[in-house]
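Bear in mind that the values in this text are calculations on the coordinates, not laboratory data. Please read all numbers here as calculations on a predicted model, not as lab measurements.
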Amino acid sequence: MDKAAELIREFTAQGDRVVVFSQFSTALNELHYRMNGSLNDEGDRINTVVMDGKTPHHIREEVKTNFDKKRGEAKKWDVVM
């Protein structure tokens, strides 16, 4: 978990977005709790969202549309889990 958090901080500090896949929803929820609102290596706030099988289709589409924005455009989430 520490290594995942470290990599997320590094990637988001470079302006990159991150997608994390796991079959272990407990691990994703723990990482989300740890990372959401924390600061990356550049001091910018990291925003995360978790999607699972219970996430409604319209929410999935909103997340996908926002995540696909180009670097420099306003975005809502840095990390999708």
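Per-structure values
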item: Under 17 Å from K69, Cα to Cα: aspartates and glutamates that are on another chain or at least 8 residues apart; result: D16, E61, D78
item: Equivalent ellipsoid semi-axes - Cα gyration tensor, the chain, angstrom; result: 19, 17, 9
item: The range 1-51, relative contact order [Cα under 8 Å, separation at least 6], %; result: 36
item: Under 5 Å, built H, 5+ apart or other chain: amide partners of N47; result: G37, D78, V79
